[in-house]
1. With labels modelled as points extended 7 Å from the Cα through the Cβ direction, what inter-label distance (nm, one decimal) is found for R75 paired with S54?
2. Starting from the residue with the highest accessible area, list W72, W81 in decreasing order, probe 1.4 Å.
3. Quantify, in whole percent, the carbon and sulfur part of the accessible surface of segment 20-64 (1.4 Å probe; protein heavy atoms only).
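The values are calculated or read from the model by the stated rules, or taken from the named source; none is laboratory data. For clarity, every value in this text was computed on a predicted model and none was experimentally measured. Note that we place each Cβ from the backbone using ideal geometry, even for glycine, and neighbour counts take in every protein chain shown. Heavy atoms of the whole protein, side chains included, go into the accessibility calculation; ligands, DNA and RNA do not. Shrake-Rupley method; radii C 1.70, N 1.55, O 1.52, S 1.80 Å.
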Amino acid sequence: MRKRKRLKNAKKFKGNKDVLFFLIETLFFSLTVTVDGTSIRLIFGIGVIQKTISVSEVLSCTIVRNSPLCGWGIRYIGEGWLYNVSGFNGFRKH
């Protein structure tokens with residue numbers, strides 16, 4: 001009987017992983033960058049996670065190619081914050 005009980009718990013855990021994957025995918029499936037005269041707005045996925053940067057905070061920008069070690073998502077990489085969903089190209093704000 002114990003083996004059967006463990007198997008049921010394993011199936012239940014797999015369902016929880018599927019829900020977690022779906023939530024992460026929904027939150028981070030895309031990154032939309034909108035620039036207007038006063039701000040730069042970053043919107044991930046369906047818009048739950050957003051970041052607005054004032055144009056007055058930006059001294060300069062450069063096109064960069066990130067290392068695969070930088071990964072994807074939102075993270076601090078020592079030289080500033082990285083906002084990325086796929087690929088390795090991006091821009092660096094100074």
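1. 3.0
2. On the way: W72 135, W81 160 Å².
Highest to lowest solvent-accessible surface, that is W81, W72.
3. Values: 2120 of 3160 Å².
Here it works out to 67 percent.
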